[in-house]
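The values are calculated or read from the model by the stated rules, or taken from the named source; none is laboratory data. From a predicted model like this one, the values you see are computed outputs, not experimental measurements. Note that we place each Cβ from the backbone using ideal geometry, even for glycine, and neighbour counts take in every protein chain shown. Accessible surface areas use protein heavy atoms only, side chains included; no ligands, DNA or RNA. Shrake-Rupley method; radii C 1.70, N 1.55, O 1.52, S 1.80 Å.
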Amino acid sequence: MNDKEQQGNGSGTASGEEDRELVERAQKGDTRAFDQLVRKYTPKLYGLVYNMTSNREDTADLLQDIFAKAYRSLLRFLGKSSFYTWIYSIAVNMTLNFLKKRGRRVILSLDDVDSGIQNDPDFINVTTGHSPLRDVGLHELQKRLNEAMMKLSEDHRTVVTLYDIQGLQHSDISKILGVSEGTVRSRLFYAHRQLQTYLDDFVK
Amino acid sequence: MTEPDDNQISRLLALKRYERMPEGFEDQLIHQLHLRQRTELMSQSVRSMVWERLQEYWDRLTGPRLALAVAGMAVLAVVSVRLIQISLRPGAEPIIASKLSDVPLPPGFEMIPPDLTNASANFGSTLPPDESLKLSPLLLSKHFEGSYGDELRDSFNTEFVGPPVSRRFEVGPFIKFAEDEERGSAPAK
């Protein structure tokens, strides 16, 4: 397990309670409650879908489909799992289905990057520190990372996105994907090993 | 693979968290979702309207006849079940077959119940002598006298014997017999 701070997933927390309340209101027909849920989960799901597709247009289309499906299925959501896990499961499944249909036809498009990255020690380390590519530009780094991600299998890319980029815990990933924690760890291990090869010059 | 390498990869990938979705993406997404929900709602209502109309049309077309048929079948089923229940009840009399005594007799007739005393002893025995006399005109022995046994006999003139019943309905002699009658001649023998 890495030393990064794992983000809260919203289950069993104040965020989870808030979600439950919003879901109940949305189930009773309050569309504003559903809009609030959309606003809350759009940044997280955008990150998930974008890092799995590496294309902004596809991400926008998929997010529409994901939230539309969630809205249609909301009455069937019984609250056995958290809304967070439920909406993530829908997003992952729909994105994997989309990727299977899309095949190898990939057009990479880069997202805007928050200016805060300039102060991140890891970014400084990669671009100016001990890295042999000390003059690498931000866009070059983005492009290399996206290309490396797209070389992974869809299952491996999913766990890397959820764990390394989104900061979810193994247990949450196993619930979302419907696999054991051991499978999640195994997929992560092999994905990291592959990425080590693809991004060799960055991590030396 | 060593743990530090794993951490390095994770830290490198974590830099992707700085990637942001385009400005105003959320608002645009919600707007698009509302449009989509409205379109879906419209298409649903059109579908439900068409379905409602179809159902109404079908009801109008088949409703009364179907209802009548169903009602008839239901009544038939209830009556059948009731009849079966009654007939299966122990000691129940048959419903359909009426008693012989219930059948009305023509005026002047009287129903004489059979004498069943010593019936088993009389079973298979011959008829009393007076009864056999009444049947004498039909006895088989008449065949040996040159007739068929089914001739019509005049009750007053015992010598008169009509044509046998079996022959009277034959086409040829009957027509001839009728022609003879019209001419006033005696019937042909």
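Given the options B:L83, B:L61, name the one that is over 30 Å from A:M149 (Cα atoms), part of a helix (DSSP H, G or I), modelled with pLDDT under 80 and open to solvent by less than 100 Å² (accessible area, probe 1.4 Å).
Going through B:L83, B:L61 in turn, the sole match is B:L61.
Which one of the conditions (1) open to solvent by less than 50 Å² (accessible area, probe 1.4 Å); (2) within 11 Å of chain B (Cβ to nearest Cβ); (3) modelled with pLDDT under 90 does A:D112 fail to meet, given that it meets all the rest?
Evaluating A:D112 over (1) open to solvent by less than 50 Å² (accessible area, probe 1.4 Å); (2) within 11 Å of chain B (Cβ to nearest Cβ); (3) modelled with pLDDT under 90 leaves (1) as the failure.
Can you pull out the residues in the stretch B:14-54 that are farther than 21 Å from A:D58 by Cα and open to solvent by less than 60 Å² (accessible area, probe 1.4 Å)?
B:A14, B:L15, B:E40, B:S43, B:S45
With the condition kept exactly as written, say whether any residue in the stretch B:40-61 is in contact with a helix residue (DSSP H, G or I) (Cβ under 6 Å, 6 or more places away or on another chain) and either among the hydrophobic types (A, V, I, L, M, F, W, C) or without any contact (Cβ under 8 Å) to a residue 60 or more places away in the chain (or both).
no
Here is a check on your reading of the model: is A:E17 modelled with pLDDT of 90 or more and loosely packed, with under 14 Cβ neighbours inside 10 Å?
So A:E17 fails the test.
Would you mind stating whether A:T31 is touching a helix residue (DSSP H, G or I) at 6+ places or on another chain (Cβ under 6 Å) and among the polar types (S, T, N, Q)?
It is false that A:T31 is touching a helix residue (DSSP H, G or I) at 6+ places or on another chain (Cβ under 6 Å) and among the polar types (S, T, N, Q).
Working only within the stretch A:159-202, note down all residues that are away from chain B (no Cβ under 13 Å), among the β-branched types (V, I, T) and part of a helix (DSSP H, G or I).
Within the stretch A:159-202, A:I173, A:I176, A:T183, A:V184 qualify.
Which of the residues spanning the stretch A:71-90 are free of Cβ contacts under 8 Å to residues at least 24 places away in the same chain and either in a helix (DSSP H, G or I) or in contact with a helix residue (DSSP H, G or I) (Cβ under 8 Å, 6 or more places away or on another chain) (or both)?
A:R72, A:S73, A:R76, A:W86 - these are the residues of the stretch A:71-90 that are free of Cβ contacts under 8 Å to residues at least 24 places away in the same chain and either in a helix (DSSP H, G or I) or in contact with a helix residue (DSSP H, G or I) (Cβ under 8 Å, 6 or more places away or on another chain) (or both).
Look at A:S131 and say whether it is buried (at least 16 other Cβ atoms within 10 Å of the Cβ), modelled with pLDDT under 75 and within 12 Å of chain B (Cβ to nearest Cβ).
Here the answer is yes, as A:S131 does meet what is asked.
Of the residues A:G47, A:G29, which is surrounded by fewer than 23 Cβ atoms within 10 Å (Cβ to Cβ) and farther than 21 Å from B:Q28 by Cβ?
A:G29
Tell me which of these A:Y88 doesn't satisfy, since it passes every other one: (1) open to solvent by 10 Å² or more (accessible area, probe 1.4 Å); (2) more than 10 Å from every other protein chain (Cβ to nearest Cβ).
With (1) open to solvent by 10 Å² or more (accessible area, probe 1.4 Å); (2) more than 10 Å from every other protein chain (Cβ to nearest Cβ) applied to A:Y88, the lone miss is (1).
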